[in-house]
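Everything below concerns the one structure shown next.
Read-outs throughout are calculated quantities, based only on the coordinates presented, and are distinct from any laboratory measurement. Model, not experiment: these values are computed from the prediction. Every residue, glycine among them, receives a Cβ derived from its backbone with ideal geometry; neighbour counts consider all protein chains shown.
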Amino acid sequence: MKRVTFARLPSDRAGPIIRDLMGREYVDLHAKIGKDEKFRYVPILPEYIDTVGSMGIEMIEGDAHTLDRRSPQEKIHDILTGYPELDGMIPEKWEYVGDIVIVKMDPRCRQYKDLIGRTYAEVLGAKTVCADVMGVSGEFRQPSMEIIYGTETESVRLENGIRYGFDVTKVMFASGNTDERMRMRKLDCTGETVVDMFAGIGYFTLPLAKYSCARRVFACEKNPESYQFLCRNIRDNELTGKVIPILSDNRNLLGMHFADRILMGYVQTTSEFVPKALSMIRPGGIIHYHDTFYVNEYEDRIRSIFDSNCGEDGYEILRIHEVKSYAPSVSHYVADIRIRPSRQNPMQ
Ligand SMILES: C[S@@+](CC[C@H](N)C(=O)[O-])C[C@H]1O[C@@H](n2cnc3c(N)ncnc32)[C@H](O)[C@@H]1O
């Protein structure tokens, strides 16, 4: 509670007056507005008590409940204020995966990791706090996380009506790809057979299978740990039978030109997998090709990859879209490529 001066306003006329006082910034936002049957009690900042009184409004003194209007960042700073050596190094951003929080931690803060973990858990209400130490690496794009508070590392991220369950210390989740996951949900794939060559835990497979009216999605994943979450997510999103999970290197998939659409949600070495995609796509089918390029040369590079794999006339670029910035002057792009029906089909 705190001692304040209230503007006492008759309830039936209070609305516009409160809005006016708020607009003039006369109201103390750290104290709660009170009410009883007849009146509203609006706490006024000390420097405006006379001004508001001179507006013909009745002023009375009383006790107000306080409101903590500090942002989470401010609360974290206030708790850690006794550690000036952390100045400028406290993580300002974090990401939620359900009730797990992931922070990017400055390596210079390492000796304070327990304190930082506890502080973030308390302010943000997290069961576990993990520090992202080195981003993702390797063929399986595995994260490098250090648990700095709590023990449980599995959670569920809810996004666009999909449940993505995974272990944040074992499997990556690119929050920057949200728009692309949303786009997969909005595609019209009525009756199509789709192949996701790099399915992971179902990043693109799940929204596409759930909403795009595809007939069947073959979701191929090489990492057994991701595959387990993929299978669980297929079940939890009620897509059993529609999504067929395959634990394999996608280079072992059969060609046979059976797919209407292929997702190649991988970057940096994606071009190595184009011959396999071309062996699976049917004439007229679409490949969603992801890769990273310098921003001033992405279109030329995409053309050169597809020119060399299916000839200049064998494909058409429907759209190229920047998914996210990846590094200075480098972005992650997705190109929608239609394979021309006229392209010579090696199976015929
Ligand atoms: C992590 S995802 C990439 C990001 C994802 N597209 C997104 O939107 O966040 C790539 C997945 O492809 C899998 N992978 C890599 N090489 C593979 C291959 N040759 N065959 C099948 N899966 C592969 C990795 O294990 C990983 O789970």
key: Ranked THR151, THR178, criterion: other C-beta atoms within 10 Å, fewest first   = THR151, THR178
message = If you average the C-alpha positions of the range 23-101 and of the range 222-261 separately, how far apart do those two centres end up, in angstrom?
response = 51 Å
remark   = With the chain reduced to its Cα atoms and the Debye formula applied, log10 I(q)/I(0) at q = 0.11 1/Å amounts to -0.83
query = What's the percent breakdown of Cα-Cα distances in the range 176-339 across 10 Å bins, shortest bin first?
reply = 11, 42, 37, 10, 0
note = Largest fluctuation, MET145, MET182, MET22 only, Gaussian network model of the chain with Cα springs under 10 angstrom, belongs to MET22
task = DSSP loop (so not H, G, I, E, B), at most 13 other Cβ within 10 Å: list which GluC sites (Glu not before Pro) in the range 1-56 pass both filters.
result = GLU25, GLU37
query = trypsin sites (Lys or Arg not before Pro) within the range 35-86: which are DSSP loop residues with at most 12 other Cβ atoms inside 10 Å?
reply = LYS38, ARG69
ask   = Between the DSSP loop rule and a limit of at most 13 other Cβ atoms within 10 Å, which GluC sites (Glu not before Pro) in the range 246-304 are left?
value = GLU297
note = 1/(1 + (r/R0)^6) with r = Cβ-Cβ of GLU92 and TYR294, R0 = 30 Å, i.e. FRET efficiency to nearest 0.05, evaluates to 0.55
ask   = Taking the Cα centre of the chain as origin and charging only Cβ (+1 Lys, Arg; -1 Asp, Glu), how large is the dipole, in debye to the nearest 20?
value = 1000 debye
inquiry  = Which of SER137, SER155 has the fewest other C-beta atoms within 10 Å, and how do the rest follow up to the most?
reply    = SER137, SER155
note = Lys and Arg at +1, Asp and Glu at -1: neighbours of VAL97 with Cβ under 13 Å from its Cβ sum to -3
inquiry  = Cut-off under 27 Å on the C-alpha distance; same-chain residues fewer than 8 positions from LYS32 excluded. Which lysines are left, in chain and number order?
reply    = LYS2, LYS75
Helix-only CD estimate at 222 nm, as mean residue ellipticity for the chain, using -39500 (n - 2.57) per DSSP H run (n ≥ 4) = -7000 deg cm²/dmol
request  = Check every DSSP H run in the chain and write down those whose alpha carbon atoms cover 24 angstrom or more along the long axis and whose mean Kyte-Doolittle hydropathy is 1.0 or greater.
outcome  = none
task = Please work out the ratio of the alpha-carbon Rg of the range 144-243 to 2.2 N^0.38 Å and round it to two decimals.
result = 1.08
query = Could you give the length gained on full extension between GLU312 and SER54, defined as 0.36 nm per residue of separation minus the Cα-Cα distance, in nm?
reply = 84.9 nm
inquiry  = Suppose we keep just the DSSP beta bridges with both residues in the range 72-152; what percent of those would be antiparallel, to 5?
reply    = 65 percent
task = At a Cα cut-off below 15 Å, give the aspartates and glutamates reachable from LYS38, other chains included and same-chain residues fewer than 8 away excluded.
result = ASP12, GLU58
message = Compute the orientation-averaged projected area for the range 2-64 from the convex hull of its Cα atoms and round it to one decimal in nm².
response = 3.8 nm²
ask   = Which lysines have a Cα less than 23 Å from the Cα of LYS186, not counting those fewer than 8 places away in the same chain?
value = LYS210, LYS242, LYS324
remark   = As a percent rounded to 5, the proportion of antiparallel DSSP bridges among beta bridges in the range 176-339 is 50 percent
key: Computed FRET value (nearest 0.05) for MET134 with ASP99, which takes r as the C-beta separation and R₀ as 30 Å   = 0.80
The range 72-152 - charge dipole about Cα centre, Lys and Arg +1 at Cβ, Asp and Glu -1, debye rounded to 20 = 120 debye
Farthest toward positive dipole pole in the range 69-155 [+1 Lys/Arg, -1 Asp/Glu at C-beta], among MET145, GLY125, PRO107 = GLY125
query = Nearest-5 percent of antiparallel DSSP beta bridges in the chain?
reply = 70 percent
task = Can you check how the C-alpha radius of gyration of the range 72-152 compares to 2.2 N^0.38 Å, as a plain ratio?
result = 1.07
